[in-house]
1. Quick check, is A:T20 open to solvent by 70 Å² or more (accessible area, probe 1.4 Å) and closer than 30 Å to A:K287 by Cα?
2. Working only within region B:151-181, note down all residues that are without any contact (Cβ under 8 Å) to a residue 12 or more places away in the chain and part of a helix (DSSP H, G or I).
3. Just one of the numbered conditions (1) at pLDDT 90 or above; (2) β-branched (V, I, T); (3) more than 30 Å from B:N37 (Cα to Cα) is not true of B:V163; which one?
4. Restrict the check to region A:149-159 and report whether at least one residue is touching a residue at least 40 places away in the same chain (Cβ under 8 Å) and either assigned to a strand (DSSP E or B) or away from every other protein chain (no Cβ under 13 Å) (or both).
5. Quick one: is B:S35 away from every other protein chain (no Cβ under 12 Å), of a type in the set (S, T, N, Q) and farther than 30 Å from B:K126 by Cβ?
6. The conditions are (1) assigned to a loop (DSSP other than H, G, I, E, B); (2) at pLDDT below 90; (3) surrounded by fewer than 20 Cβ atoms within 10 Å (Cβ to Cβ), and A:E260 fails exactly one of them. Which is it?
7. What are the residues in region A:50-75 that are of a type in the set (V, I, T) and touching a residue at least 40 places away in the same chain (Cβ under 8 Å), if any?
Amino acid sequence: MTWAVELEKIRRMLRDPDGTIWSDAYLRHLYNDAQQDFQNKTRALEDIHAQRIPGLYQISYQYDWEYRSLSTYSQIYQCLTTHDEYVVCHAWEPQQIAGIDADVVDYGIHFSHPWESCMSEVPGELIKTRFPNNFGTLSYMAYNNEPIAAGSKKRVQSADASYITTEGQPFLYYMYDDEDNSFVLYPRPSTVFQSDISGDGVAFFAEGDEEDTATGIIAVRTSTTDSQEEGFSVDIVDTDYNVFMVYSVSPEDVEVESDEPEFPMFMRKYVRFNVIARAYGGNNDGKIRSLSEYWSTRYELGIKFVKRYLQNKRQDRDYRLTSGPNQRRYARHVRLPDTYPLV
Amino acid sequence: MNVLERKVLELIGEDPDSPDVFTDDDEGMAPIRDSINDAIQEVIMLTGCFKREYYIPLREGQAFYRLRLGGDLGWITDAWLVNNKSRLSQTDLTRLNYLDPRWQKTSATPASYFQFGRDVVGLYPKPSGTTDILRLTLVEIPAAYSSDKDRIKLRDQFQYAVVHYAVAEFWASRGDSLEAQKNMQMYMDALGLTKEYSASPEYPRQLRATKDPWPVAQ
(Lines give C-alpha, C1' and ligand atoms only; values in the text may rest on other atoms or scores of the structure.)
Protein backbone atom coordinates (compact mmCIF):
# COMPACT_ATOMS: atom_id res chain seq x y z
CA MET A 1 0.00 0.00 0.00
CA THR A 2 1.59 3.21 -1.15
CA TRP A 3 1.94 6.69 0.32
CA ALA A 4 -1.01 7.76 -1.87
CA VAL A 5 -3.29 5.30 -0.02
CA GLU A 6 -1.96 6.42 3.35
CA LEU A 7 -2.60 10.04 2.37
CA GLU A 8 -6.16 9.24 1.36
CA LYS A 9 -6.82 7.63 4.75
CA ILE A 10 -5.30 10.57 6.60
CA ARG A 11 -7.39 13.04 4.62
CA ARG A 12 -10.52 11.00 5.32
CA MET A 13 -9.95 11.35 9.07
CA LEU A 14 -9.13 15.03 8.71
CA ARG A 15 -12.24 15.56 6.59
CA ASP A 16 -10.15 17.46 4.11
CA PRO A 17 -10.26 15.33 0.92
CA ASP A 18 -9.30 18.16 -1.42
CA GLY A 19 -6.45 19.60 0.61
CA THR A 20 -8.24 22.85 1.43
CA ILE A 21 -6.53 23.21 4.80
CA TRP A 22 -3.59 20.81 4.83
CA SER A 23 -1.48 20.52 1.68
CA ASP A 24 -0.01 17.20 0.49
CA ALA A 25 3.52 18.43 1.18
CA TYR A 26 2.60 19.46 4.73
CA LEU A 27 1.11 16.04 5.51
CA ARG A 28 4.03 14.27 3.84
CA HIS A 29 6.51 16.12 6.03
CA LEU A 30 4.47 15.23 9.10
CA TYR A 31 4.35 11.60 7.97
CA ASN A 32 8.11 11.34 7.48
CA ASP A 33 8.72 12.93 10.85
CA ALA A 34 6.14 10.64 12.48
CA GLN A 35 7.82 7.57 10.97
CA GLN A 36 11.12 8.48 12.59
CA ASP A 37 9.41 9.23 15.89
CA PHE A 38 7.61 5.89 15.88
CA GLN A 39 10.81 3.99 15.10
CA ASN A 40 12.77 5.87 17.78
CA LYS A 41 10.15 5.02 20.38
CA THR A 42 9.56 1.38 19.49
CA ARG A 43 12.66 0.14 17.60
CA ALA A 44 10.19 -2.07 15.77
CA LEU A 45 12.01 -2.12 12.45
CA GLU A 46 15.12 -4.21 12.01
CA ASP A 47 16.46 -6.08 9.04
CA ILE A 48 19.25 -8.26 7.79
CA HIS A 49 21.23 -7.61 4.67
CA ALA A 50 23.73 -9.52 2.58
CA GLN A 51 26.04 -6.92 1.09
CA ARG A 52 28.26 -7.87 -1.78
CA ILE A 53 31.89 -6.82 -1.71
CA PRO A 54 32.85 -4.72 -3.56
CA GLY A 55 29.59 -2.80 -3.65
CA LEU A 56 27.99 -1.95 -6.95
CA TYR A 57 27.10 1.63 -7.79
CA GLN A 58 24.97 2.91 -10.63
CA ILE A 59 27.18 5.85 -11.43
CA SER A 60 30.29 7.62 -10.16
CA TYR A 61 31.25 11.28 -10.26
CA GLN A 62 34.24 13.43 -9.44
CA TYR A 63 33.36 17.06 -8.70
CA ASP A 64 30.76 18.12 -6.16
CA TRP A 65 28.91 20.20 -8.76
CA GLU A 66 28.28 17.04 -10.84
CA TYR A 67 26.10 15.70 -8.02
CA ARG A 68 23.29 18.12 -8.94
CA SER A 69 22.74 16.26 -12.22
CA LEU A 70 22.51 12.80 -10.64
CA SER A 71 19.21 13.04 -8.81
CA THR A 72 17.70 10.14 -10.76
CA TYR A 73 20.23 7.69 -9.28
CA SER A 74 20.20 6.27 -5.77
CA GLN A 75 23.59 4.54 -5.71
CA ILE A 76 26.21 7.18 -6.42
CA TYR A 77 29.97 6.97 -5.79
CA GLN A 78 32.30 9.95 -5.54
CA CYS A 79 35.60 8.71 -6.92
CA LEU A 80 39.23 9.82 -6.74
CA THR A 81 40.49 12.85 -4.80
CA THR A 82 39.79 16.54 -5.28
CA HIS A 83 42.83 18.79 -5.19
CA ASP A 84 42.76 22.51 -5.83
CA GLU A 85 40.59 22.86 -8.95
CA TYR A 86 41.46 19.37 -10.17
CA VAL A 87 40.59 15.78 -9.44
CA VAL A 88 43.68 13.60 -9.12
CA CYS A 89 44.21 9.87 -9.33
CA HIS A 90 47.70 9.29 -7.97
CA ALA A 91 49.50 10.82 -5.02
CA TRP A 92 52.28 12.23 -7.24
CA GLU A 93 49.89 14.39 -9.25
CA PRO A 94 49.50 17.09 -6.57
CA GLN A 95 53.31 17.33 -6.56
CA GLN A 96 53.23 18.08 -10.29
CA ILE A 97 50.48 20.65 -9.82
CA ALA A 98 52.56 22.31 -7.09
CA GLY A 99 55.62 22.34 -9.41
CA ILE A 100 57.64 19.89 -7.32
CA ASP A 101 59.92 17.59 -9.30
CA ALA A 102 59.88 14.64 -6.88
CA ASP A 103 57.37 11.85 -7.48
CA VAL A 104 56.01 9.95 -4.51
CA VAL A 105 55.52 6.24 -5.10
CA ASP A 106 51.85 5.33 -5.01
CA TYR A 107 50.50 2.14 -3.47
CA GLY A 108 48.58 0.82 -6.45
CA ILE A 109 45.84 1.54 -8.96
CA HIS A 110 43.00 4.03 -8.58
CA PHE A 111 39.49 3.49 -9.78
CA SER A 112 36.24 5.17 -10.60
CA HIS A 113 34.06 2.25 -9.44
CA PRO A 114 34.96 0.06 -6.44
CA TRP A 115 34.58 -3.19 -8.38
CA GLU A 116 37.53 -2.15 -10.56
CA SER A 117 39.76 -2.47 -7.51
CA CYS A 118 39.29 -6.23 -7.57
CA MET A 119 40.39 -6.78 -11.18
CA SER A 120 43.62 -8.59 -10.18
CA GLU A 121 45.41 -5.36 -9.26
CA VAL A 122 46.50 -3.87 -5.94
CA PRO A 123 44.27 -0.89 -5.10
CA GLY A 124 45.96 2.34 -4.09
CA GLU A 125 43.07 3.64 -2.00
CA LEU A 126 40.51 2.41 0.48
CA ILE A 127 37.60 0.40 -0.88
CA LYS A 128 34.45 1.94 0.56
CA THR A 129 31.20 0.04 0.80
CA ARG A 130 27.84 1.56 1.52
CA PHE A 131 25.40 0.41 4.10
CA PRO A 132 21.80 0.00 2.90
CA ASN A 133 19.92 3.26 2.39
CA ASN A 134 17.66 2.54 5.36
CA PHE A 135 20.55 1.76 7.69
CA GLY A 136 20.11 2.92 11.28
CA THR A 137 22.48 1.27 13.73
CA LEU A 138 24.41 -1.95 13.43
CA SER A 139 23.80 -4.98 15.67
CA TYR A 140 26.06 -7.55 14.05
CA MET A 141 28.36 -7.90 11.06
CA ALA A 142 30.14 -10.88 9.52
CA TYR A 143 32.16 -11.49 6.39
CA ASN A 144 31.94 -14.90 4.80
CA ASN A 145 30.22 -16.16 7.96
CA GLU A 146 33.06 -15.01 10.26
CA PRO A 147 32.16 -12.26 12.75
CA ILE A 148 33.99 -8.97 12.33
CA ALA A 149 34.39 -6.32 15.00
CA ALA A 150 34.03 -2.56 14.90
CA GLY A 151 37.26 -0.56 14.90
CA SER A 152 38.62 2.79 13.86
CA LYS A 153 40.91 4.01 11.13
CA LYS A 154 43.27 5.31 13.80
CA ARG A 155 43.60 1.84 15.30
CA VAL A 156 44.21 0.24 11.90
CA GLN A 157 46.78 2.84 10.81
CA SER A 158 48.61 2.54 14.11
CA ALA A 159 48.92 -1.22 13.79
CA ASP A 160 49.61 -1.61 10.08
CA ALA A 161 51.53 0.86 7.92
CA SER A 162 50.35 -1.02 4.81
CA TYR A 163 46.72 -0.92 5.84
CA ILE A 164 45.55 0.12 2.36
CA THR A 165 47.13 -2.79 0.52
CA THR A 166 47.00 -5.51 3.18
CA GLU A 167 44.69 -8.30 2.12
CA GLY A 168 43.24 -11.30 3.90
CA GLN A 169 40.16 -12.41 5.76
CA PRO A 170 38.52 -9.23 7.14
CA PHE A 171 38.23 -9.21 10.91
CA LEU A 172 37.45 -5.53 11.46
CA TYR A 173 35.42 -2.74 9.90
CA TYR A 174 35.44 0.98 10.49
CA MET A 175 33.14 3.78 9.45
CA TYR A 176 34.50 5.89 6.64
CA ASP A 177 31.90 8.62 6.46
CA ASP A 178 28.53 8.80 8.21
CA GLU A 179 27.08 11.16 5.61
CA ASP A 180 28.07 8.85 2.78
CA ASN A 181 26.88 5.92 4.92
CA SER A 182 29.98 3.90 4.06
CA PHE A 183 32.42 1.59 5.81
CA VAL A 184 35.77 -0.04 5.05
CA LEU A 185 36.79 -3.63 5.72
CA TYR A 186 40.24 -4.43 7.12
CA PRO A 187 42.08 -6.17 5.68
CA ARG A 188 40.53 -5.98 2.26
CA PRO A 189 39.12 -9.37 1.20
CA SER A 190 41.71 -11.53 -0.53
CA THR A 191 39.35 -12.99 -3.07
CA VAL A 192 39.50 -13.29 -6.81
CA PHE A 193 36.92 -11.34 -8.73
CA GLN A 194 34.37 -13.69 -10.21
CA SER A 195 31.08 -13.30 -11.93
CA ASP A 196 29.09 -15.75 -9.89
CA ILE A 197 28.11 -16.28 -6.28
CA SER A 198 29.10 -19.94 -6.24
CA GLY A 199 32.72 -20.86 -5.64
CA ASP A 200 35.54 -18.80 -4.14
CA GLY A 201 35.27 -15.24 -5.24
CA VAL A 202 33.71 -11.85 -4.85
CA ALA A 203 30.06 -11.86 -5.71
CA PHE A 204 29.14 -9.83 -8.75
CA PHE A 205 26.14 -11.26 -10.53
CA ALA A 206 24.51 -14.61 -10.13
CA GLU A 207 21.82 -16.41 -12.02
CA GLY A 208 18.41 -15.11 -10.98
CA ASP A 209 19.62 -12.04 -9.08
CA GLU A 210 17.67 -8.80 -9.19
CA GLU A 211 19.31 -5.53 -8.32
CA ASP A 212 17.44 -3.68 -5.61
CA THR A 213 18.36 -0.03 -5.92
CA ALA A 214 15.71 1.08 -3.46
CA THR A 215 17.17 -0.49 -0.36
CA GLY A 216 20.80 -0.95 -1.20
CA ILE A 217 23.19 -2.60 -3.53
CA ILE A 218 22.64 -6.28 -3.01
CA ALA A 219 20.35 -8.36 -5.10
CA VAL A 220 17.31 -10.34 -4.15
CA ARG A 221 17.71 -13.92 -5.26
CA THR A 222 14.53 -14.88 -6.99
CA SER A 223 15.60 -18.15 -8.55
CA THR A 224 15.68 -19.91 -5.18
CA THR A 225 12.07 -19.25 -4.31
CA ASP A 226 10.14 -22.25 -3.09
CA SER A 227 6.44 -22.91 -3.58
CA GLN A 228 5.57 -19.34 -4.53
CA GLU A 229 2.31 -20.42 -6.12
CA GLU A 230 0.93 -21.60 -2.80
CA GLY A 231 1.09 -18.21 -1.17
CA PHE A 232 4.17 -18.89 0.90
CA SER A 233 7.64 -18.53 -0.50
CA VAL A 234 11.10 -18.63 0.93
CA ASP A 235 14.00 -16.52 -0.22
CA ILE A 236 17.45 -17.62 0.78
CA VAL A 237 19.81 -15.04 2.19
CA ASP A 238 23.26 -15.87 0.84
CA THR A 239 26.04 -15.01 3.27
CA ASP A 240 29.02 -16.69 1.56
CA TYR A 241 31.67 -14.14 0.52
CA ASN A 242 29.27 -11.34 1.37
CA VAL A 243 29.09 -8.98 4.31
CA PHE A 244 26.17 -10.08 6.41
CA MET A 245 24.70 -7.48 8.73
CA VAL A 246 21.87 -7.16 11.21
CA TYR A 247 20.77 -3.60 11.79
CA SER A 248 17.98 -1.42 13.04
CA VAL A 249 16.26 0.49 10.29
CA SER A 250 15.97 4.22 9.93
CA PRO A 251 12.80 4.52 7.80
CA GLU A 252 13.33 6.25 4.52
CA ASP A 253 11.20 9.27 3.72
CA VAL A 254 8.29 8.89 1.35
CA GLU A 255 8.67 11.34 -1.53
CA VAL A 256 6.18 10.48 -4.26
CA GLU A 257 2.76 8.88 -4.28
CA SER A 258 4.05 5.48 -5.35
CA ASP A 259 6.55 5.19 -2.48
CA GLU A 260 5.94 2.35 -0.09
CA PRO A 261 6.39 3.17 3.62
CA GLU A 262 8.77 0.79 5.40
CA PHE A 263 6.60 -0.17 8.31
CA PRO A 264 4.55 -3.33 7.89
CA MET A 265 0.89 -2.80 7.13
CA PHE A 266 -0.31 -3.50 10.65
CA MET A 267 1.88 -0.75 12.13
CA ARG A 268 1.23 2.03 9.62
CA LYS A 269 -1.98 3.15 11.28
CA TYR A 270 -0.02 4.35 14.30
CA VAL A 271 2.08 6.62 12.11
CA ARG A 272 -1.15 7.95 10.61
CA PHE A 273 -2.54 8.62 14.09
CA ASN A 274 0.47 10.77 14.89
CA VAL A 275 0.10 12.69 11.60
CA ILE A 276 -3.57 13.38 12.29
CA ALA A 277 -2.79 14.48 15.87
CA ARG A 278 -0.13 16.88 14.64
CA ALA A 279 -2.31 18.18 11.82
CA TYR A 280 -5.17 18.97 14.20
CA GLY A 281 -2.66 20.55 16.57
CA GLY A 282 -1.02 22.74 13.92
CA ASN A 283 -1.44 26.49 14.00
CA ASN A 284 -3.86 26.88 11.08
CA ASP A 285 -7.58 26.92 10.28
CA GLY A 286 -7.88 23.20 11.01
CA LYS A 287 -6.77 23.39 14.63
CA ILE A 288 -9.10 21.36 16.89
CA ARG A 289 -7.54 20.68 20.24
CA SER A 290 -9.88 17.89 21.40
CA LEU A 291 -9.30 15.84 18.24
CA SER A 292 -5.57 16.43 18.41
CA GLU A 293 -5.57 15.05 21.94
CA TYR A 294 -7.72 12.07 20.96
CA TRP A 295 -5.43 11.02 18.11
CA SER A 296 -2.39 11.69 20.21
CA THR A 297 -3.77 9.29 22.83
CA ARG A 298 -4.35 6.68 20.12
CA TYR A 299 -0.75 7.11 18.98
CA GLU A 300 0.63 6.70 22.51
CA LEU A 301 -1.57 3.63 22.92
CA GLY A 302 -0.21 2.30 19.63
CA ILE A 303 3.35 2.62 20.90
CA LYS A 304 2.42 0.58 23.97
CA PHE A 305 0.71 -2.02 21.80
CA VAL A 306 3.72 -2.39 19.55
CA LYS A 307 6.01 -2.79 22.55
CA ARG A 308 3.68 -5.51 23.76
CA TYR A 309 3.84 -7.11 20.33
CA LEU A 310 7.65 -7.08 20.48
CA GLN A 311 7.39 -8.92 23.80
CA ASN A 312 5.04 -11.42 22.19
CA LYS A 313 7.80 -12.27 19.73
CA ARG A 314 9.81 -13.69 22.63
CA GLN A 315 7.01 -15.83 24.02
CA ASP A 316 8.53 -19.09 22.77
CA ARG A 317 11.71 -18.54 24.76
CA ASP A 318 12.86 -21.17 27.24
CA TYR A 319 14.30 -19.59 30.35
CA ARG A 320 17.13 -21.62 31.77
CA LEU A 321 18.96 -21.56 35.06
CA THR A 322 22.60 -21.74 34.08
CA SER A 323 25.92 -21.77 35.85
CA GLY A 324 29.53 -21.80 34.76
CA PRO A 325 30.01 -19.72 31.63
CA ASN A 326 27.35 -17.22 32.65
CA GLN A 327 29.06 -16.32 35.92
CA ARG A 328 29.28 -12.61 36.31
CA ARG A 329 32.74 -11.14 36.11
CA TYR A 330 33.63 -8.19 38.20
CA ALA A 331 36.16 -5.64 37.03
CA ARG A 332 39.15 -5.55 39.33
CA HIS A 333 40.22 -2.18 40.63
CA VAL A 334 43.08 -1.10 42.82
CA ARG A 335 41.70 -0.31 46.26
CA LEU A 336 42.88 0.27 49.77
CA PRO A 337 42.65 -2.57 52.33
CA ASP A 338 39.38 -2.86 54.23
CA THR A 339 41.24 -2.08 57.45
CA TYR A 340 42.43 1.35 56.26
CA PRO A 341 42.32 3.86 57.83
CA LEU A 342 42.58 2.55 61.36
CA VAL A 343 39.85 4.02 63.50
CA MET B 1 -21.43 -6.04 3.25
CA ASN B 2 -20.34 -8.66 5.79
CA VAL B 3 -21.70 -9.18 9.27
CA LEU B 4 -19.17 -6.87 10.94
CA GLU B 5 -19.89 -4.06 8.53
CA ARG B 6 -23.62 -4.45 9.16
CA LYS B 7 -23.09 -4.17 12.92
CA VAL B 8 -21.04 -1.00 12.48
CA LEU B 9 -23.70 0.61 10.32
CA GLU B 10 -26.37 -0.25 12.89
CA LEU B 11 -24.36 1.39 15.70
CA ILE B 12 -23.69 4.61 13.81
CA GLY B 13 -27.36 5.01 12.90
CA GLU B 14 -27.31 3.81 9.29
CA ASP B 15 -29.87 1.39 7.92
CA PRO B 16 -27.77 -1.60 6.71
CA ASP B 17 -30.48 -2.61 4.23
CA SER B 18 -30.69 0.83 2.70
CA PRO B 19 -27.54 2.76 3.66
CA ASP B 20 -27.47 6.47 3.06
CA VAL B 21 -23.76 7.40 3.25
CA PHE B 22 -21.91 4.09 3.32
CA THR B 23 -23.32 2.39 0.25
CA ASP B 24 -22.97 -1.34 -0.21
CA ASP B 25 -20.09 -1.31 -2.69
CA ASP B 26 -16.28 -1.20 -2.46
CA GLU B 27 -16.08 2.58 -2.63
CA GLY B 28 -18.91 3.29 -0.21
CA MET B 29 -17.78 0.71 2.29
CA ALA B 30 -14.07 1.63 2.14
CA PRO B 31 -13.92 3.79 5.31
CA ILE B 32 -15.67 1.15 7.44
CA ARG B 33 -13.69 -1.67 5.85
CA ASP B 34 -10.37 0.08 6.45
CA SER B 35 -11.23 0.59 10.12
CA ILE B 36 -12.25 -3.05 10.54
CA ASN B 37 -9.08 -4.25 8.85
CA ASP B 38 -6.97 -2.04 11.11
CA ALA B 39 -8.79 -3.41 14.14
CA ILE B 40 -8.39 -7.04 13.08
CA GLN B 41 -4.67 -6.53 12.58
CA GLU B 42 -4.31 -4.82 15.94
CA VAL B 43 -6.24 -7.54 17.78
CA ILE B 44 -4.12 -10.29 16.22
CA MET B 45 -0.93 -8.33 16.88
CA LEU B 46 -1.83 -8.22 20.57
CA THR B 47 -3.44 -11.59 21.13
CA GLY B 48 -1.92 -13.83 18.47
CA CYS B 49 -5.33 -15.34 17.81
CA PHE B 50 -4.67 -16.32 14.18
CA LYS B 51 -2.04 -18.99 13.57
CA ARG B 52 -0.88 -20.92 10.56
CA GLU B 53 1.58 -23.70 9.84
CA TYR B 54 4.14 -23.66 7.07
CA TYR B 55 6.89 -25.95 5.88
CA ILE B 56 10.39 -24.82 5.04
CA PRO B 57 12.53 -27.31 3.13
CA LEU B 58 15.99 -26.99 4.63
CA ARG B 59 19.03 -26.48 2.44
CA GLU B 60 22.53 -27.56 3.27
CA GLY B 61 24.60 -24.77 4.81
CA GLN B 62 21.76 -22.26 4.59
CA ALA B 63 21.02 -20.54 7.89
CA PHE B 64 18.70 -17.71 6.85
CA TYR B 65 15.29 -17.94 5.23
CA ARG B 66 13.17 -14.93 4.31
CA LEU B 67 9.48 -15.85 4.53
CA ARG B 68 7.05 -14.31 2.08
CA LEU B 69 3.59 -14.69 3.55
CA GLY B 70 0.25 -13.52 2.26
CA GLY B 71 0.02 -11.20 5.29
CA ASP B 72 2.75 -10.21 7.74
CA LEU B 73 4.73 -12.47 10.01
CA GLY B 74 3.71 -11.80 13.61
CA TRP B 75 5.88 -14.18 15.55
CA ILE B 76 6.84 -17.83 15.60
CA THR B 77 5.20 -19.88 18.31
CA ASP B 78 7.02 -23.13 17.66
CA ALA B 79 9.41 -24.77 15.25
CA TRP B 80 9.57 -28.52 14.68
CA LEU B 81 12.04 -30.61 12.71
CA VAL B 82 9.90 -33.21 11.00
CA ASN B 83 12.47 -35.90 10.24
CA ASN B 84 14.47 -35.46 13.43
CA LYS B 85 11.29 -35.22 15.54
CA SER B 86 12.74 -32.45 17.65
CA ARG B 87 11.59 -29.05 18.84
CA LEU B 88 13.77 -26.05 18.13
CA SER B 89 14.22 -23.62 21.00
CA GLN B 90 14.07 -19.88 20.45
CA THR B 91 17.30 -17.94 20.75
CA ASP B 92 18.68 -14.56 19.74
CA LEU B 93 21.78 -12.84 18.46
CA THR B 94 23.11 -11.85 21.87
CA ARG B 95 23.11 -15.41 23.12
CA LEU B 96 24.59 -16.82 19.95
CA ASN B 97 27.45 -14.34 19.99
CA TYR B 98 28.11 -15.19 23.61
CA LEU B 99 28.02 -18.97 23.39
CA ASP B 100 29.46 -19.49 19.92
CA PRO B 101 31.01 -16.40 18.28
CA ARG B 102 31.53 -18.39 15.06
CA TRP B 103 27.92 -19.51 15.02
CA GLN B 104 27.56 -18.82 11.31
CA LYS B 105 30.19 -21.47 10.59
CA THR B 106 28.74 -24.20 12.78
CA SER B 107 26.90 -26.81 10.76
CA ALA B 108 24.83 -29.69 12.19
CA THR B 109 21.21 -30.57 12.87
CA PRO B 110 19.47 -27.30 13.80
CA ALA B 111 18.77 -27.01 17.52
CA SER B 112 17.40 -23.48 17.79
CA TYR B 113 15.88 -20.72 15.71
CA PHE B 114 15.74 -16.94 15.84
CA GLN B 115 13.62 -14.31 14.15
CA PHE B 116 15.07 -11.18 12.59
CA GLY B 117 13.10 -8.17 11.56
CA ARG B 118 9.86 -8.50 9.68
CA ASP B 119 10.25 -11.80 7.92
CA VAL B 120 13.59 -13.56 8.41
CA VAL B 121 14.07 -16.76 10.36
CA GLY B 122 17.55 -18.09 11.12
CA LEU B 123 18.65 -21.54 12.26
CA TYR B 124 21.48 -22.55 14.56
CA PRO B 125 23.42 -24.62 13.75
CA LYS B 126 22.86 -24.24 10.04
CA PRO B 127 21.61 -27.46 8.43
CA SER B 128 24.30 -29.92 7.44
CA GLY B 129 22.03 -31.58 4.91
CA THR B 130 18.87 -31.25 2.87
CA THR B 131 17.06 -34.27 4.27
CA ASP B 132 14.89 -32.52 6.84
CA ILE B 133 12.04 -30.06 6.71
CA LEU B 134 11.06 -27.45 9.26
CA ARG B 135 7.44 -27.02 10.31
CA LEU B 136 6.79 -23.55 11.62
CA THR B 137 3.71 -22.52 13.53
CA LEU B 138 3.41 -18.79 13.48
CA VAL B 139 1.06 -15.97 14.24
CA GLU B 140 0.19 -14.38 10.93
CA ILE B 141 -1.21 -10.89 10.76
CA PRO B 142 -3.51 -11.19 7.77
CA ALA B 143 -3.61 -8.88 4.80
CA ALA B 144 -6.67 -6.64 4.63
CA TYR B 145 -9.81 -8.32 3.33
CA SER B 146 -11.23 -6.57 0.30
CA SER B 147 -14.52 -8.28 -0.42
CA ASP B 148 -17.54 -9.07 1.74
CA LYS B 149 -17.09 -12.73 0.82
CA ASP B 150 -13.50 -12.88 2.16
CA ARG B 151 -12.84 -14.85 5.30
CA ILE B 152 -12.64 -12.75 8.49
CA LYS B 153 -9.55 -14.09 10.22
CA LEU B 154 -10.59 -13.29 13.75
CA ARG B 155 -11.72 -15.15 16.81
CA ASP B 156 -15.51 -14.76 17.23
CA GLN B 157 -15.05 -13.47 20.76
CA PHE B 158 -13.31 -10.35 19.44
CA GLN B 159 -15.82 -9.42 16.75
CA TYR B 160 -17.64 -6.88 18.89
CA ALA B 161 -14.31 -5.32 19.87
CA VAL B 162 -13.58 -4.77 16.19
CA VAL B 163 -16.99 -3.22 15.67
CA HIS B 164 -16.41 -0.74 18.52
CA TYR B 165 -13.04 0.17 17.02
CA ALA B 166 -14.67 1.04 13.70
CA VAL B 167 -17.43 3.01 15.41
CA ALA B 168 -14.80 4.98 17.37
CA GLU B 169 -13.03 5.87 14.15
CA PHE B 170 -16.33 6.92 12.58
CA TRP B 171 -17.02 9.39 15.40
CA ALA B 172 -13.45 10.67 15.34
CA SER B 173 -13.76 11.29 11.60
CA ARG B 174 -16.96 13.23 12.32
CA GLY B 175 -15.18 15.43 14.85
CA ASP B 176 -16.79 13.98 18.00
CA SER B 177 -13.83 13.07 20.16
CA LEU B 178 -15.93 12.27 23.25
CA GLU B 179 -18.05 9.69 21.45
CA ALA B 180 -14.90 8.30 19.83
CA GLN B 181 -13.22 7.97 23.21
CA LYS B 182 -16.24 6.18 24.65
CA ASN B 183 -16.26 3.60 21.86
CA MET B 184 -12.51 3.16 22.06
CA GLN B 185 -12.88 2.30 25.74
CA MET B 186 -15.54 -0.27 24.80
CA TYR B 187 -13.09 -1.73 22.30
CA MET B 188 -10.43 -2.05 24.98
CA ASP B 189 -12.88 -3.63 27.41
CA ALA B 190 -14.12 -6.13 24.83
CA LEU B 191 -10.54 -7.04 24.05
CA GLY B 192 -9.76 -7.66 27.70
CA LEU B 193 -6.72 -5.41 27.63
CA THR B 194 -7.74 -3.50 30.74
CA LYS B 195 -7.88 -6.58 32.95
CA GLU B 196 -5.03 -7.14 35.33
CA TYR B 197 -4.94 -10.90 34.85
CA SER B 198 -5.55 -13.05 31.82
CA ALA B 199 -9.14 -14.05 31.28
CA SER B 200 -8.09 -17.08 29.24
CA PRO B 201 -6.94 -19.83 31.60
CA GLU B 202 -6.63 -22.17 28.62
CA TYR B 203 -3.41 -20.30 27.82
CA PRO B 204 -1.03 -20.61 30.80
CA ARG B 205 0.96 -17.39 31.01
CA GLN B 206 3.56 -18.17 33.63
CA LEU B 207 7.24 -18.43 32.80
CA ARG B 208 8.95 -21.65 33.71
CA ALA B 209 12.68 -22.13 34.04
CA THR B 210 14.37 -25.38 33.14
CA LYS B 211 17.71 -26.79 34.19
CA ASP B 212 18.44 -28.33 30.80
CA PRO B 213 21.56 -26.88 29.21
CA TRP B 214 21.27 -24.71 26.16
CA PRO B 215 21.19 -26.77 22.99
CA VAL B 216 24.56 -26.89 21.29
CA ALA B 217 25.76 -28.33 18.01
CA GLN B 218 26.19 -32.11 18.16
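The values are calculated or read from the model by the stated rules, or taken from the named source; none is laboratory data. As the structure is a prediction and not an experimental result, all values here were calculated from the model. Using ideal geometry, Cβ is built from the backbone for each residue, glycine included, and neighbour counts are taken over all protein chains shown. Calculation scope for accessible area: heavy atoms of the full protein, side chains included, ligands and nucleic acids excluded. Shrake-Rupley method; radii C 1.70, N 1.55, O 1.52, S 1.80 Å.
1. Details: open to solvent by 70 Å² or more (accessible area, probe 1.4 Å): yes; closer than 30 Å to A:K287 by Cα: yes.
Yes, satisfied.
2. Just the residues of region B:151-181 that are without any contact (Cβ under 8 Å) to a residue 12 or more places away in the chain, to begin with: B:151, B:156-157, B:172, B:174-179.
The answer is B:D156, B:Q157, B:A172, B:S177, B:L178, B:E179.
3. It is condition (3) that B:V163 fails.
4. Here is the first cut: in region A:149-159, the residues touching a residue at least 40 places away in the same chain (Cβ under 8 Å) are none.
No, that holds for no residue.
5. Details: away from every other protein chain (no Cβ under 12 Å): no; of a type in the set (S, T, N, Q): yes; farther than 30 Å from B:K126 by Cβ: yes.
Against the criterion (away from every other protein chain (no Cβ under 12 Å), of a type in the set (S, T, N, Q) and farther than 30 Å from B:K126 by Cβ), B:S35 does not qualify.
6. For A:E260, the exception is condition (2).
7. Taking region A:50-75 and keeping what is of a type in the set (V, I, T), we get A:53, A:59, A:72.
A:I53 - this is the single residue of region A:50-75 that is of a type in the set (V, I, T) and touching a residue at least 40 places away in the same chain (Cβ under 8 Å).
Here is a yes/no grid of residues against (1) of a type in the set (G, A, S); (2) over 16 Å from the mean Cα position of the chain (by Cα); (3) at pLDDT 90 or above; (4) open to solvent by less than 30 Å² (accessible area, probe 1.4 Å):
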| site | (1), (2), (3), (4) |
| --- | --- |
| B:V82 | no, yes, yes, no |
| B:Q90 | no, yes, yes, yes |
| B:S107 | yes, yes, yes, no |
| B:S128 | yes, yes, yes, no |
| B:I152 | no, no, no, no |
